[in-house]
Each structure stands twice: as structure tokens, then as C-alpha cells.
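Each remark here refers to the structure printed beneath this line.
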Amino acid sequence: MFDDESRRQVAARLSEIRAAGTYKEEHALETPQGARIRVRPGRDVLNFCANNYLGLASHPAVIAAAHAALDRWGYGMASVRFICGTQEIHETLETRMAEFLGTDACILFSSCFDANGGVFEPLLDGDCALITDQLNHASIIDGTRLCKATRHIYAHGDMADLDAKLTLASAARLKIVVTDGVFSMDGDIAKLADICGLAEKHRALVMVDDSHATGFMGRTGRGTAEHCGVMGRVDLISTTFGKALGGATGGCLAGRTEIVELLRQRSRPYLFSNTLAPVVAATSVAVIDLLSHSTELRDALERNTALFRREITAAGFDLKPGIHPIVPIMLYDERRAVEMARQLLDEGIYVVGFSHPVVPKGQARIRVQISALHTADDLRSCVEAFARVGKRLGVLT
Ligand SMILES: *Cc1c(COP(=O)(O)O)cnc(C)c1O
């Protein structure tokens with residue numbers, strides 16, 4: 001019964017969130033996702049905060065593939081995979097993703113959040129160990145909480161600490177090192193060559209979450225393993241169809257045959273949650289076809305990222321160095337980051353400010369995300385707007 005006391009309790013939690021300045025407002029879009037969007041009420045803006053890295057979220061070929069898939073495969077499956085929720089198109093997508101990522105096998109999930117939530121519990125027991133980067137994604141953290149293995153957290157990107165934690169875990173029956181391929185707040189890339197080397201030295205498995213990399217990192221877009229030259233040495237890759245690969249929804253785990261087979265038998269989100277919608281499965285196959293035939297989109301993204309990073313640096317802003325289309329513009333002050341994002345929206349540039357607890361205290365920033373869809377003019381307009389607002393707020397002198 002939701003009585004006055006329960007209402008008061010929930011309202012108190014909401015007040016705490018507001019008081020902490022972490023209450024999140026949502027801006028509804030009046031258009032499909034893209035480089036140019038209309039934000040309610042009727043504001044036309046350039047979009048610099050989507051994970052639509054390759055612009056596939058409303059690409060004509062992707063929409064056409066989705067229409068055809070709807071006619072061919074229907075709308076929903078109304079079942080989990082092992083009852084009557086598997087169509088040929090789901091098997092095709094698993095085969096194609098394994099090929100694309102250079103792994104033996106692949107298993108689909110309704111999201112990458114579910115893939116990460118369902119991977120550790122079947123694989124690891126109380127006498128096993130998980131060695132995980134301090135800044136890994138929330139879904140990896142939740143996944144590690146759902147399994148009985150001993151958890152060792154190593155300092156972000158710190159290879160000496162990883163080595164030490166692997167030594168601590170030396171008696172474990174099975175050990176796995178888990179890292180994001182690209183860290184979403186800093187846009188930095190995991191040192192996969194070093195991580196694979198240490199894992200081989202300590203006989204540990206390696207798992208990489210490549211959600212911010214699949215489709216565009218590496219010369220042919222296979223992800224951070226290709227970028228770091230370690231394809232074939234990563235045992236398990238989790239990734240999402242909800243970012244560069246069309247941005248709809250869905251995720252998967254790609255890796256060693258036996259691991260994928262075990263997950264099909266025991267992973268709880270796979271066994272107890274509905275199958276990926278056929279239209280998403282079929283359209284994802286079309287996206288993999290597109291990206292396998294040409295590197296044009298990831299090349300455009302790479303050029304755009306280099307141009308934007310060069311020009312925003314020349315304008316005098318302080319950014320986290322790197323090569324990834326996630327470009328963190330450091331403001332440090334929380335209020336200033338929020339105010340700057342607000343004024344940029346008024347200038348027609350849609351970006352989001354991030355502050356504690358999403359990033360450490362005193363590390364507030366605006367995270368700009370570049371897309372292959374942006375034109376050189378779009379990128380320059382963004383830099384000019386940053387410079388105008390930056391001067392107004394005293395960020396630039
Ligand atoms: C976005 C993201 C996820 C979640 O992916 P979904 O498919 O949207 O659930 C998981 N891990 C990382 C690193 C991400 O960036």
C-alpha cells in the first residue's frame with residue numbers, strides 16, 4: 001500500500017538526488033537520431049552527444065533493411081531462444097559477428113548490459129578470480145556482484161597493479177581479467193597488448209567490453225583488439241548493437257567455442273529474457289555486411305575526430321588527449337560544466353556536462369562525441385560555439 005509514509009520516503013530520496021545536483025532531466029527529440037536533430041520544443045541543434053559514431057541510426061540502407069526484415073521475419077518472437085525464439089536470422093547474426101570480430105563463436109543477448117550481467121556467474125565459482133579495472137562499466141560491476149568469484153579491482157590502466165592482483169589470485173582455479181576496450185568518460189583505450197601479455201604470464205583469460213569500439217576502432221573496424229594488434233588473444237568480447245552498429249538495441253558475447261556453449265546452457269539473461277527482435281537481428285546483419293565491404297564510414301569518423309581534436313585544442317580548450325571520438329573537454333568545476341552545456345544548447349550545440357558521481361570530484365567536463373555524419377562545417381560551428389561560450393564564462397581568456 002502506497003500510503004503517506006511511503007510517499008514521504010520516496011520523495012525524500014528524490015530530494016536527496018536534487019540536492020546533490022545529480023537529478024537528470026531528459027530532452028525529448030522530435031526527429032530521428034542524427035547529426036541534426038530537433039529537441040522539444042522545436043529547437044534545431046547539431047548533435048554532439050550520441051553514440052551514433054557511424055551515422056547508421058537512420059542511414060537509408062539500414063532503414064530499408066529494417067523494413068524488409070519486418071516483412072520477412074515479423075515483429076516479435078514472444079519467446080526466449082531455447083523454447084521457440086530462434087530464427088535463422090539469429091543464427092546468421094551470431095555467425096557473422098564471430099567472423100567480424102575474429103572469434104570462434106558468438107551468443108546474442110537483449111543488451112550488452114545483460115551480456116555483462118550474465119557472463120561471470122556461469123563461468124566462475126567461489127574458487128575462481130575476477131580481476132577488473134576500477135573504471136569498468138556499471139554492467140560489468142553488476143555482473144561481478146552476481147558471481148561468487150573473488151573480485152580484485154586494479155587501479156585504472158595500471159599494469160603494475162594488474163600484475164600484482166594477478167599474483168594475488170595465483171591460486172584461483174580460473175582467473176579472468178576484464179576491461180572496457182574504451183572507457184566512456186575519458187575516451188582512453190585499454191592497453192590490450194600489455195593486458196594480454198600479463199594474462200598469458202599468469203594463465204588468465206581476457207575479456208574486453210568493446211561497446212565504444214566495435215565497428216570503427218582498428219583499421220577495419222573490428223575494435224580495440226585490432227587497434228592494439230591482439231586479435232585472437234582476447235578470449236571473450238562483449239559488445240552492443242546499440243551504439244555504432246545502428247544504435248537500436250541488443251548485445252552479444254563473442255569468444256571461445258566452449259565458453260559460448262556454456263553460456264547458452266547457463267547464462268540467466270539468455271535463458272530467462274526474450275530473444276532479440278528479428279528486425280534488429282536482421283538489420284544488424286545488414287550493418288555487418290556494410291562495414292565488411294567498406295571502411296568509408298570509419299575512415300570519415302577518424303578524419304572528423306582528428307579535425308575536431310585539432311581545432312578545439314587550437315581554440316585553447318583543455319582536453320583529454322587521445323584519438324577516440326569521445327572528446328572530453330575538461331572544465332573541472334561542476335557548476336561551470338552544467339552552465340556551459342546549457343548555454344551551448346542555446347547556441348544550437350547539443351552536448352552534455354558530466355560531474356560527480358559519474359566522474360571523480362573536481363573532474364567535471366563536457367563530453368563531445370563525434371560522428372561520421374558531421375560535416376567539416378558542423379565541426380567548425382561546434383568549435384566556434386565552444387569558443388564564444390567559453391569566453392563568456394571565463395573558461396577561455
Ligand atoms: C553502452 C555500454 C554498455 C551497455 O550496452 P547496452 O547494449 O545499451 O546495454 C555496456 N558496456 C559499455 C562499456 C557501454 O559503453
*Looking at ALA364, ALA372, which one is in contact with a Lys or Arg (Cβ under 9 Å, 6 or more places away or on another chain), more than 27 Å from ILE17 (Cα to Cα) and open to solvent by less than 60 Å² (accessible area, probe 1.4 Å)?*
ALA372
_Residues located in region 197-225, provided they are free of Cβ contacts under 8 Å to residues at least 40 places away in the same chain and either more than 15 Å from the ligand (Cβ to nearest atom) or in contact with a Phe, Trp or Tyr (Cβ under 7 Å, 6 or more places away or on another chain) (or both)_ = GLY197, LEU198, ALA199, GLU200, LYS201, HIS202, ARG203, LEU205, VAL206, GLY218
*Within region 250-263, can you find the residues that are in contact (Cβ under 8 Å) with a residue 24 or more places away in the chain and either open to solvent by 70 Å² or more (accessible area, probe 1.4 Å) or over 24 Å from GLY223 (Cα atoms) (or both)?*
ARG256, GLU261, LEU262
*Check every one of the strands (runs of 3 or more DSSP E) wholly within region 32-143 and list those with 2 or more residues that are more than 19 Å from CYS252 (Cβ to Cβ).*
36-39, 43-47, 129-133
*asked:* Looking only at residues that are open to solvent by 20 Å² or more (accessible area, probe 1.4 Å) and not acidic (Asp, Glu) in region 281-299, which one is nearest to ALA35 (Cα to Cα)?
replied: LEU297
*Kindly list, by first and then second residue, each pair from a residue in region 99-120 that is away from the ligand (no atom under 14 Å from the Cβ) to a residue that is open to solvent by 10 Å² or more (accessible area, probe 1.4 Å) and among the acidic types (Asp, Glu), limited to pairs with Cβ atoms under 6 Å and residues at least 6 apart or on different chains.*
CYS106/GLU94
*Only residues that are within 10 Å of the ligand (Cβ to nearest atom) and more than 25 Å from ALA199 (Cα to Cα): list them for region 228-244, please.*
PHE241, GLY242, LYS243
*Residue match in region 178-191 (condition: more than 16 Å from the ligand (Cβ to nearest atom) and under 27 Å from PRO122 (Cβ atoms))*: no
*What number of residues within region 144-168 are hydrophobic (A, V, I, L, M, F, W, C), under 23 Å from SER267 (Cβ atoms) and open to solvent by less than 60 Å² (accessible area, probe 1.4 Å)?*
2
_I want to confirm something. Restricting to region 13-39 and keeping residues that are basic (Lys, Arg) and at pLDDT 95 or above, which single residue is farthest from the chain's Cα centre (by Cα)?_
ARG13
_Scope region 264-278; condition over 17 Å from THR239 (Cβ atoms), open to solvent by less than 30 Å² (accessible area, probe 1.4 Å) and part of a helix (DSSP H, G or I); matching residues_ = PRO278
*Taking region 299-320 on its own, how many of its residues are touching a residue at least 12 places away in the same chain (Cβ under 8 Å) and not in a helix (DSSP H, G or I)?*
5
*Hey, could you check region 21-33 for residues that are over 19 Å from GLY348 (Cβ atoms) and without any contact (Cβ under 8 Å) to a residue 12 or more places away in the chain and say which is least open to solvent (accessible area, probe 1.4 Å)?*
TYR23
*Hey, THR150 over 23 Å from PHE113 (Cα atoms) and more than 15 Å from the ligand (Cβ to nearest atom) or not*: no
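The values are calculated or read from the model by the stated rules, or taken from the named source; none is laboratory data. Because the structure is a prediction, the values reported are computed rather than measured. FYI the Cβ positions are ideal-geometry reconstructions off the backbone, even for glycines, and counts take in every protein chain you see. Ligands, DNA and RNA are excluded from the accessible area calculation, which covers all protein heavy atoms including side chains. Shrake-Rupley method; radii C 1.70, N 1.55, O 1.52, S 1.80 Å.
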